[in-house]
1. What's the total number of residues in segment 46-91 that are closer than 15 Å to residue 20 by Cβ and in contact (Cβ under 8 Å) with a residue 12 or more places away in the chain?
2. Suppose we filter segment 116-138 for residues that are small (Gly, Ala, Ser) and crowded, with 24+ Cβ neighbours inside 10 Å; how many remain?
3. Of the conditions (1) in contact with a Phe, Trp or Tyr (Cβ under 9 Å, 6 or more places away or on another chain); (2) free of Cβ contacts under 8 Å to residues at least 60 places away in the same chain, residue 235 fails just one. Which one is it?
4. In the list 37, 141, 113, which residue meets the criterion of being open to solvent by 80 Å² or more (accessible area, probe 1.4 Å) and either touching a residue at least 12 places away in the same chain (Cβ under 8 Å) or of a type in the set (Val, Ile, Thr) (or both)?
5. Which of the helices (runs of 4 or more DSSP H) contained wholly in segment 153-219 include at least 3 residues that are touching a residue at least 40 places away in the same chain (Cβ under 8 Å) and open to solvent by 30 Å² or more (accessible area, probe 1.4 Å)?
6. Tally time: how many residues in segment 245-256 are without any contact (Cβ under 8 Å) to a residue 60 or more places away in the chain and either closer than 18 Å to residue 20 by Cβ or of a type in the set (D, E, K, R) (or both)?
7. Provide a single number: the residues in segment 240-250 that are open to solvent by 20 Å² or more (accessible area, probe 1.4 Å) and either modelled with pLDDT under 95 or part of a helix (DSSP H, G or I) (or both).
8. For the subset of segment 6-34 comprising residues that are within 15 Å of the ligand (Cβ to nearest atom) and polar (S, T, N, Q), which member is surrounded by the fewest Cβ atoms within 10 Å (Cβ to Cβ)?
Amino acid sequence: MRLKIVAGNWKMNHYINEAEALITETLHSSPQVAHNHLNIFAVPFPYLTMAQNQVKHHEGFALAAQNCSSFEAGAYTGEVSAGMLASIGVSHCLVGHSERRSIFNEKSSELLHKLQLLIKHGITPIWCCGEQLNDRNQMHHFEVVSKQLNDEVFQLNEQDFSRIIIAYEPVWAIGTGLTASPAQAQEMHAFIRSKIASKYHHQVAEQTSILYGGSCNADNAAELFALADVDGGLIGGASLKAASFVKLISIMHELH
Ligand code: PGA
């Protein structure tokens, strides 16, 4: 059975006191986590150690960084390496979020380096993909996601690919209040899974968790999380308050 995941991506929000309170409240108010469920906090770098100290006592919760360097080590001022993240116990890391791609101009070759370094250091990448509004309007969304798969995660061998979690996030749905309809989400998730099956193996495709992201919240999550090929969510805005994040965790708990 695939891992079902609710991951909160805080982006560049909250100061330390709010961050600490949000994690404490979430840990204490969430339902008991089932063995095939995982809840993740993707927090800003300065909070990783604080968050790690809280999360390590709670089974079913894990911590993610939001980014890492595409370099291994050395004279790269301002960068944080995958090895450093591993050394403080971080288990997951986002790669290729649309904000990194568009605002920071991250390219496939760089993202592939990040994926390889994270895997080398035993960290699970949460690799993000998704089309822009224009792509969808022109019916190019499958083509765009296919190219992202081919240029990035499909460059990995089967063993390394098996370590990855995928998040499909249509860019037009991120932070906009526009959510993909259940039909749109299921169709793209099934497409991604079929691509994985043809690139690697049917079993690899069956084991890969594919999360949906983009204005997912307590009002629409039940419908999305119930879809056959949707294994959870990567949640931005709705992960910034304990009450709404716990609600999403509870929805997953009730469904699976
Ligand atoms: P959103 O962000 O839930 O605020 O749309 C999702 C994401 O960017 O991961």
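1. 13
2. Qualifying residue count, segment 116-138: 1.
3. Of everything listed in (1) in contact with a Phe, Trp or Tyr (Cβ under 9 Å, 6 or more places away or on another chain); (2) free of Cβ contacts under 8 Å to residues at least 60 places away in the same chain, residue 235 misses just condition (2).
4. Within the list 37, 141, 113, the selection yields 113.
5. Here the list reads 182-199.
6. Matching residues across segment 245-256 total 2.
7. Counting residues in segment 240-250 that are open to solvent by 20 Å² or more (accessible area, probe 1.4 Å) and either modelled with pLDDT under 95 or part of a helix (DSSP H, G or I) (or both) gives 4.
8. Filtering first and then ranking leaves 13.
The values are calculated or read from the model by the stated rules, or taken from the named source; none is laboratory data. Note that this is a predicted model, so its numbers are computed, not measured. We place every Cβ from the backbone using ideal geometry, glycine too, and count neighbours over all the protein chains shown. Accessible surface areas use protein heavy atoms only, side chains included; no ligands, DNA or RNA. Shrake-Rupley method; radii C 1.70, N 1.55, O 1.52, S 1.80 Å.
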